[in-house]
1. How far, in nm, would the chain grow between Ser130 and Glu100 when pulled straight, counting 0.36 nm per residue and subtracting the alpha carbon separation?
2. If I take R0 = 35 Å and measure r between the Cβ atoms of Leu53 and Thr137 in this structure, what FRET efficiency does the formula 1/(1 + (r/R0)^6) give, to the nearest 0.05?
3. How large is ³J(HN,Hα) for each residue in region 98-110, as worked out from phi by the Karplus curve 6.51 cos²θ - 1.76 cosθ + 1.60 (θ = phi - 60°), to whole Hz, x for Gly and Pro?
4. Rounded, prolate or oblate: pick one for region 39-188, where a ≥ b ≥ c are the square roots of the eigenvalues of its C-alpha gyration tensor, a/c under 1.5 means rounded, and failing that, prolate if a/b is larger than b/c, else oblate.
5. Along the charge dipole of region 39-188, which of Ile158, Tyr184, Gln85 sits closest to the positive end, that is, farthest toward it, with unit charges on the beta carbon of Lys, Arg, Asp and Glu (+1, +1, -1, -1)?
6. Starting from the Cα of Lys165, draw a straight line to each of the aspartates and glutamates and keep only those under 20 Å, dropping any in the same chain fewer than 8 residues away.
7. Tell me, what is the percent relative contact order of region 39-188, built from C-alpha pairs under 8 Å that lie six or more residues apart?
8. Mind checking region 86-191 for chymotrypsin sites (Phe, Trp or Tyr not before Pro) that DSSP puts in a loop (not H, G, I, E or B) and that have at most 12 other Cβ atoms within 10 Å?
Amino acid sequence: MKFKGLRGILIFLFAAMAFMGFFFRLNNKKSPSTEEEEVKKATPVQIALERNLTTNYPNTPKEVVKYFSEITQCYYNETFDDDEQLEALARQMLKLYDDELVSYKAYEDYLFDLKSDIKFYNENGYTISSFAPSASTDVVFFTEDGFEWARLWCAYTIKAGKDRKTINEVFVLRKDDKSHWRIYGWKEDNG
């Protein structure tokens, strides 16, 4: 009889300890750090602006076009907290451009045209739903006029309501004196 009572007490104590352990673990479970939560909440615009191009410039022509496309998606798909955020994104984009391309238009004119394009896209319900740069093996490298050049394509899927349209752009990049690939220009590739 004592044995049955002792066994019951042991089972009860074991169950109570298991319950307390579970409760303790549940209460002391680490919640995600504030930094992890902020990363999860970061918008595409914030992510694009966080990249430091001085220390983390894209290594390949494909990566330059990919980052260009990410910023372009932000322009046309996202809302901005204020004009400063859009202007910061525009300055980030200009860092991807070749100096010669930048010299063709004053910053104020560039910003005015950019805002006009964004307004046109918004008014017509256009968004860039996806983009796909050429595979690295499809990048064409060549030398001309003492410069190294690269040519590649990027397909953009533009969405307006239920309609989708693919636009293919061909990009030409030139390597600068720091060995960074800069966008020299681009145009729609009509095949």
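Every read-out reported here was derived from the displayed coordinates using simple, explicitly stated rules and does not represent laboratory data. On a predicted model such as this, the values are computed, not experimentally measured, just so you know. So basically every Cβ, Gly included, is an ideal-geometry build from the backbone, and we count neighbours across all protein chains shown.
1. On the way: separation 30, 0.36 × 30 = 10.80 nm, distance 2.88 nm.
Full extension from Ser130 to Glu100 adds 7.9 nm.
2. Numbers: r = 26 Å, r/R0 = 0.73.
After rounding to 0.05, the efficiency reads 0.85.
3. 5, 4, 5, 5, 4, 5, 6, 9, 5, 4, 4, 5, 4
4. Details: a/c = 1.61, a/b = 1.34, b/c = 1.20.
Judged from the Cα gyration tensor, region 39-188 comes out prolate (a/c at least 1.5, a/b above b/c).
5. Sorting the options by dipole projection puts first Ile158.
6. Answer for Lys165, where 20 Å is the Cα cut-off: Glu70, Glu78, Asp117, Glu123, Glu188, Asp189, listed by chain and number.
7. Working: 208 pairs, mean separation 36.6, N = 150.
Contact order relative to length: 24 percent.
8. On the way: sites: Tyr97, Tyr104, Tyr107, Tyr110, Phe112, Phe120, Tyr121, Tyr126, Phe131, Phe141, Phe142, Phe147, Trp149, Trp153, Tyr156, Phe171, Trp181, Tyr184, Trp186; in loops: Tyr104.
Within region 86-191, the qualifying chymotrypsin sites (Phe, Trp or Tyr not before Pro) (loop, at most 12 other Cβ atoms within 10 Å) are Tyr104.
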